[in-house]
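Here is the structure we will look at, set down as structure tokens.
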Amino acid sequence: MSKVRIYQPCRTAMQQGSAKTRYWLVEFEPASARSRDALMGWTSSADTRAQLRLRFETREEAVAYAERHGLAFDVVEPMARRPRLKSYADNFRFDRVR
């Protein structure tokens, strides 16, 4: 029986926006260990499901897909974002800490 992980991706550290974080992903756990090529040093695997990422609009759709196909799954709930509210004028205050 295959096992999948259902989660909502977090935003990248390189960007401020939240693009590509509103959907839910289903990723398969690797079924076999990776092997190392002796000549080139590349890692490879015979498991093609490790390359597969399925995207769903809601958490319920992702869970329904896993149940429909008889997959064991773990749901990783996203952490709540707490934005820090600050004013642009705070950059020019005399008493700001540098």
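The residues in the stretch 76-98 that are closer than 30 Å to VAL4 by Cβ and touching a helix residue (DSSP H, G or I) at 6+ places or on another chain (Cβ under 7 Å) can be counted, and the count is 0.
Checking the stated criteria, TRP42 turns out to be aromatic (Phe, Trp, Tyr) and over 16 Å from the mean Cα position of the chain (by Cα).
The residues in the stretch 47-98 that are part of a helix (DSSP H, G or I), exposed (fewer than 11 other Cβ atoms within 10 Å of the Cβ) and either touching a residue at least 24 places away in the same chain (Cβ under 8 Å) or of a type in the set (Val, Ile, Thr) (or both) can be counted, and the count is 1.
Looking at the stretch 41-60 only, could you name the residues that are closer than 18 Å to SER2 by Cα and either at pLDDT 90 or above or not β-branched (Val, Ile, Thr) (or both)?
SER45, ALA46, ASP47, ARG49, ALA50, GLN51, LEU52, ARG53, LEU54, ARG55 - these are the residues of the stretch 41-60 that are closer than 18 Å to SER2 by Cα and either at pLDDT 90 or above or not β-branched (Val, Ile, Thr) (or both).
Restricting ALA72, ALA64 to those that are out of contact with any helix residue (DSSP H, G or I) (no Cβ under 6 Å at 6 or more places or on another chain) and over 17 Å from GLN8 (Cα atoms) reduces the list to ALA72.
Of everything in the stretch 13-29, what is of a type in the set (D, E, K, R) and either surrounded by 11 or more Cβ atoms within 10 Å (Cβ to Cβ) or more than 29 Å from LEU71 (Cα to Cα) (or both)? Give them in sequence order.
Within the stretch 13-29, LYS20, GLU27, GLU29 qualify.
Among the residues of the stretch 10-27, the ones that are in contact with a strand residue (DSSP E or B) (Cβ under 6 Å, 6 or more places away or on another chain) and part of a loop (DSSP other than H, G, I, E, B) come to 1 in all.
Assigned to a loop (DSSP other than H, G, I, E, B), surrounded by 10 or more Cβ atoms within 10 Å (Cβ to Cβ) and either hydrophobic (A, V, I, L, M, F, W, C) or at pLDDT 85 or above (or both), is that true of ALA38? Please lay out each step first, then the result.
Working: assigned to a loop (DSSP other than H, G, I, E, B): yes; surrounded by 10 or more Cβ atoms within 10 Å (Cβ to Cβ): no; either hydrophobic (A, V, I, L, M, F, W, C) or at pLDDT 85 or above (or both): yes.
In short, no.
The values are calculated or read from the model by the stated rules, or taken from the named source; none is laboratory data. Keep in mind it's a predicted model, so treat the numbers as computed, not measured. Note that each Cβ is placed from the backbone with ideal geometry, even for glycine, and that neighbours are counted across all protein chains shown.
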